[in-house]
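Read through the structure below, which is laid out as structure tokens, and then see the notes.
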Amino acid sequence: MTVASEKEIETLRGCGRRLAEVLASVKQAARSGVSTKELDKLAEGLILSSGGEPIFKGYKTKLDPRPYPGSLCVSVNDEVVHGIPTEKRILKEGDIVGLDIGMRWPAFAKASAGKPQGLVTDMAETIGIGKVSPKAEKIMRATKESLELGIRMLAPGVRLGDLGYTIQEHLERNGYGVIRDLSGHGVGRELHEDPFVPNFGKPGTGPKIREGMVIAIEPMATEGDWHLILDKDGWTLKTSDGKLAAHFEHTVLITKDGAEVLTQL
Ligand code: MG
């Protein structure tokens, strides 16, 4: 979306801050012995008690007719994104876990046209469970850095190819694969809006970023080959070679001379 009023900006800030609070609590609960389903239940309860609506739940894609069953995506080790929480998946020491979450806030507020009035933010972080290997630390750190570098270079007039190049260059310099099949996206009124915000690109190409745009930037890096395979559950995307992946995401508002991270405490 492109924001149209100060009220919309305030709503996005409120949504993003609450979402960051929810994710902070989920991160604290993510430890060895906990199932991914328990984290999902916690996330859903916290979203609802903060006055929001879990926007991932029931989401459908063209890949598979089954709607997404959770409020949180929990992607462990070689799972890149969209890991479905289950009781069987128990986190253990040394795992790295991508936690991806989104919500509409305030929930169920209807405008006169019958469209939902609350606005949507989306974020993700990959964390280690207990002590993780140096190579796991390294892929998490480099992916987080690529997101931070991307956000720092945003301003009106910057092209999406410049942003993609910045993220890609950092990840590839560190020896990582950059996923091509998934990208960041516009967000705000709905979870996924135009434009595509790829994590790769050529400088000086692509649409220009404008003041007031709201976008989710989400680099996904792989230790090996960046090609993905879809699990038989219809959702979980894994690396094709079983190597690690990491994912970080923020929703940002493009300002007069930079970008404001909305999904932060
Ligand atoms: Mg996203």
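Before moving on, here are some points about what is shown:
- Test result for Pro207, in contact with a helix residue (DSSP H, G or I) (Cβ under 6 Å, 6 or more places away or on another chain), free of Cβ contacts under 8 Å to residues at least 60 places away in the same chain and within 16 Å of the ligand (Cβ to nearest atom): no
- Check on Lys135, modelled with pLDDT of 95 or more, part of a helix (DSSP H, G or I) and open to solvent by 80 Å² or more (accessible area, probe 1.4 Å): yes
- Of the residues making up segment 227-265, just one is buried (at least 22 other Cβ atoms within 10 Å of the Cβ), of a type outside the set (A, V, I, L, M) and either farther than 26 Å from Met103 by Cα or without any contact (Cβ under 8 Å) to a residue 24 or more places away in the chain (or both), namely Thr239.
- Residue ID - most open to solvent (accessible area, probe 1.4 Å), chosen from residues in segment 179-204 that are free of Cβ contacts under 8 Å to residues at least 40 places away in the same chain, within 11 Å of the ligand (Cβ to nearest atom) and in a loop (DSSP other than H, G, I, E, B): His192
- The selection criterion, being in a helix (DSSP H, G or I), within 16 Å of the ligand (Cβ to nearest atom) and surrounded by fewer than 22 Cβ atoms within 10 Å (Cβ to Cβ), holds for Ile151.
- In this structure, Thr222 qualifies as under 16 Å from Ser75 (Cβ atoms) and among the polar types (S, T, N, Q).
- The residue that is nearest to the chain's Cα centre (by Cα), counting only those in segment 210-219 that are touching a residue at least 40 places away in the same chain (Cβ under 8 Å) and within 16 Å of the ligand (Cβ to nearest atom), is Glu218.
- Sole residue being open to solvent by 30 Å² or more (accessible area, probe 1.4 Å) and assigned to a helix (DSSP H, G or I), chosen from Leu23, Leu48, Leu19, Leu12: Leu48
- Residues of segment 232-265 satisfying the condition of being modelled with pLDDT of 95 or more, charged (D, E, K, R) and closer than 28 Å to Lys135 by Cβ: Lys238, Asp241, Lys243, Glu249
The values are calculated or read from the model by the stated rules, or taken from the named source; none is laboratory data. The model shown is predicted, which means the values in this text are computed figures rather than measured ones. Note that we place each Cβ from the backbone using ideal geometry, even for glycine, and neighbour counts take in every protein chain shown. Ligands, DNA and RNA are excluded from the accessible area calculation, which covers all protein heavy atoms including side chains. Shrake-Rupley method; radii C 1.70, N 1.55, O 1.52, S 1.80 Å.
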